[in-house]
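The structure under discussion appears below in the form of structure tokens.
The values are calculated or read from the model by the stated rules, or taken from the named source; none is laboratory data. Model, not experiment: these values are computed from the prediction. Please note: Cβ atoms are built from the backbone with ideal geometry, for glycine as well, and neighbour counts cover all protein chains shown. SASA here: full protein model, heavy atoms, side chains in, ligands and nucleic acids out. Shrake-Rupley method; radii C 1.70, N 1.55, O 1.52, S 1.80 Å.
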Amino acid sequence: MKKNTLSELRITKKHIISVMVMPSIIFSFLFYHGFINPTKDDSNDTLFIYSIMIILILWAITYIWNALKYKLTVTDQFIHLKSLFTDKKILAASVDNYKTDQYGLHIYIKNYSESPCISITANLDNSEILYTWLAYYSKNLETETYVRAYEDELKEILSDNKYGKNKIEKEENIASVNHFVKILNRFAFILFILIFVGSLNLFPIPYILLDISIFLTILIPIILVYFSLRYQGFFSLDEEQNKISHFPSIFESLINPNISLSTYWLLTGFYIFDISTIWTYALVISLLITFPIFYSARDVSFKKIGDYFGASLAVILMLGYGYGTIAYLNFYFDKSEAQIYPVEILNKRSGKNNDSAKHITLAPWSTYNKPQEVEVLQSFFHKIEKGDKVNIYLKEGYLGIKYYSINT
């Protein structure tokens with residue numbers, strides 16, 4: 001490390017723009033429903049829209065202000081991170097180790113290695129200056145095996161032109177991919193929490209926020225397909241969190257939408273009239289999502305039996321995403337009139353535990369020539385008794401897939 005050197009590293013403009021993209025999309029969606037096509041029937045939804053828009057504006061102002069203030073000073077004696085919310089200095093002699101993952105760079109100091117002293121989650125201009133400084137004054141936290149693998153990856157990147165035309169372009173591409181996957185993984189997790197909470201009614205989430213969350217969740221695997229074809233070999237499917245790598249894992253972005261949409265549809269109280277058609281659509285969607293991603297992942301070569309097993313398992317798991325996507329779109333855009341069928345409840349049953357699944361048996365109706373047992377929500381189960389009559393509302397569905405709901 002050269003003596004008496006001083007460098008100031010700042011957040012890249014590309015990083016700032018990429019962080020602002022998703023909030024801007026949400027703001028535009030809310031602006032449309034709040035001002036251009038306002039909700040007239042529910043004042044609570046309108047108030048919620050305005051509140052979220054104000055929060056997004058305040059967040060954007062704060063983020064941009066912090067990004068402009070963000071500065072990492074690197075000298076031969078110390079590094080100093082200063083922003084709107086942080087002011088930390090680490091002396092070169094106190095640095096113990098560091099590690100990198102898909103969430104950023106984490107620097108640890110001696111005697112306090114359980115938690116990082118500084119975590120840098122943004123992409124910085126001339127970041128190689130910081131890594132050179134760290135390489136000179138510290139050691140890497142990970143095991144020798146992982147370090148060797150990490151160094152081998154770097155050699156592969158520098159020797160393979162598919163990652164870029166020159167060293168600078170390769171480093172920019174790898175940094176951009178890591179940043180994109182980091183944001184997508186976090187966003188997929190946030191959407192998962194919103195949909196999960198909304199589906200279970202753990203907290204009163206307005207329908208418009210739930211709808212926005214579901215539409216964005218549907219988009220995530222589609223974005224992953226484009227990303228995987230655009231950046232073949234730049235990512236992995238390995239979910240190990242402690243493994244350091246130049247290549248990020250998209251595991252969270254792939255699995256969270258599947259769980260989110262499956263959970264939502266199971267808890268909506270709607271039922272598909274004829275499930276054979278929707279499972280065909282679900283299988284097609286699952287294959288269209290899974291194949292490009294597995295084909296493009298660097299840790300899948302289809303030269304081992306395990307790769308075929310993993311891909312087959314992924315197709316089965318993504319059936320939940322395909323089913324939930326088709327069912328939701330079929331329901332959301334449907335404008336058909338409901339056909340109402342009064343039906344008698346022949347029986348009701350539940351498991352031994354109070355939290356177990358609840359089922360009711362319906363008398364024959366429409367084209368169902370035999371009694372039909374369906375699983376219902378616990379709240380509905382306790383409202384009805386054997387011999388009661390319920391109304392079944394059958395609708396055509398936007399995609400021609402009939403579905404129905406049961407109400408008292």
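For the reader, a short list of remarks on this structure follows.
- Number of residues in the range 222-263 that are over 15 Å from the mean Cα position of the chain (by Cα), assigned to a loop (DSSP other than H, G, I, E, B) and either modelled with pLDDT of 85 or more or not aliphatic (A, V, I, L, M) (or both): the value is 13.
- Only one entry of L266, L219, L283 meets the criterion of being over 29 Å from S159 (Cα atoms) and either of a type in the set (S, T, Y) or modelled with pLDDT under 85 (or both), and that entry is L266.
Each row is one residue, and each column tells you yes or no for (1) open to solvent by 80 Å² or more (accessible area, probe 1.4 Å); (2) closer than 16 Å to N258 by Cβ; (3) free of Cβ contacts under 8 Å to residues at least 60 places away in the same chain.
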residue: L288; (1), (2), (3): yes, yes, no
residue: F294; (1), (2), (3): no, yes, yes
residue: S301; (1), (2), (3): no, no, yes
residue: F309; (1), (2), (3): yes, no, yes
residue: G320; (1), (2), (3): no, yes, no
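- Residues (surrounded by 15 or more Cβ atoms within 10 Å (Cβ to Cβ), at pLDDT below 85 and not in a helix (DSSP H, G or I)) located in the range 36-70: T39
- Selection within the range 169-190 - of a type in the set (A, V, I, L, M) and either over 27 Å from the mean Cα position of the chain (by Cα) or open to solvent by less than 80 Å² (accessible area, probe 1.4 Å) (or both): I174, A175, V177, V181, I183, L184, A188
- Members of the range 71-104 that are modelled with pLDDT of 80 or more, touching a helix residue (DSSP H, G or I) at 6+ places or on another chain (Cβ under 9 Å) and in a strand (DSSP E or B): L72, V74, T75, F78, I79, K82, V95
- Unmet criterion (only one of (1) modelled with pLDDT of 85 or more; (2) open to solvent by 80 Å² or more (accessible area, probe 1.4 Å); (3) within 32 Å of the chain's Cα centre (by Cα)) for E375: (1)
- Residues considered: V343, V315. Of these, the only one that is hydrophobic (A, V, I, L, M, F, W, C) and over 25 Å from I195 (Cα atoms) is V343.
- Residues in the range 378-389 that are closer than 16 Å to V343 by Cβ and either open to solvent by 50 Å² or more (accessible area, probe 1.4 Å) or of a type in the set (K, R) (or both): K383, E385, K386, D388, K389.
- Of the numbered criteria (1) over 19 Å from Y403 (Cα atoms); (2) modelled with pLDDT of 85 or more; (3) touching a Gly at 6+ places or on another chain (Cβ under 8 Å), the one L346 fails is (3).
- For S119, the criteria (1) crowded, with 18+ Cβ neighbours inside 10 Å; (2) at pLDDT 75 or above hold in every case but one, which is (1).
- For the range 350-359, the count of residues that are among the basic types (K, R), more than 18 Å from L267 (Cα to Cα) and open to solvent by 80 Å² or more (accessible area, probe 1.4 Å) is nonzero.
- Looking across I174, I214, I193, I183, one residue alone is without any contact (Cβ under 8 Å) to a residue 60 or more places away in the chain and β-branched (V, I, T). It is I193.
- Subset tally (residues that are open to solvent by 30 Å² or more (accessible area, probe 1.4 Å) and within 20 Å of the chain's Cα centre (by Cα)) for the range 273-286: 1
- In the range 395-407, the residues that are surrounded by 19 or more Cβ atoms within 10 Å (Cβ to Cβ) and among the aliphatic types (A, V, I, L, M): I401, I406
- Test set (1) surrounded by 13 or more Cβ atoms within 10 Å (Cβ to Cβ); (2) of a type outside the set (D, E, K, R); (3) at pLDDT 80 or above - N166 fails condition number: (1)
- Just one of the listed residues (I326, I316) is under 21 Å from L261 (Cα atoms) and open to solvent by 100 Å² or more (accessible area, probe 1.4 Å), and it is I316.
- Failed item in (1) assigned to a helix (DSSP H, G or I); (2) touching a helix residue (DSSP H, G or I) at 6+ places or on another chain (Cβ under 7 Å); (3) over 30 Å from T367 (Cβ atoms), with F215 passing the rest: (2)
- Exclusive hit being open to solvent by 80 Å² or more (accessible area, probe 1.4 Å), touching a residue at least 24 places away in the same chain (Cβ under 8 Å) and assigned to a strand (DSSP E or B), set I340, I392: I340
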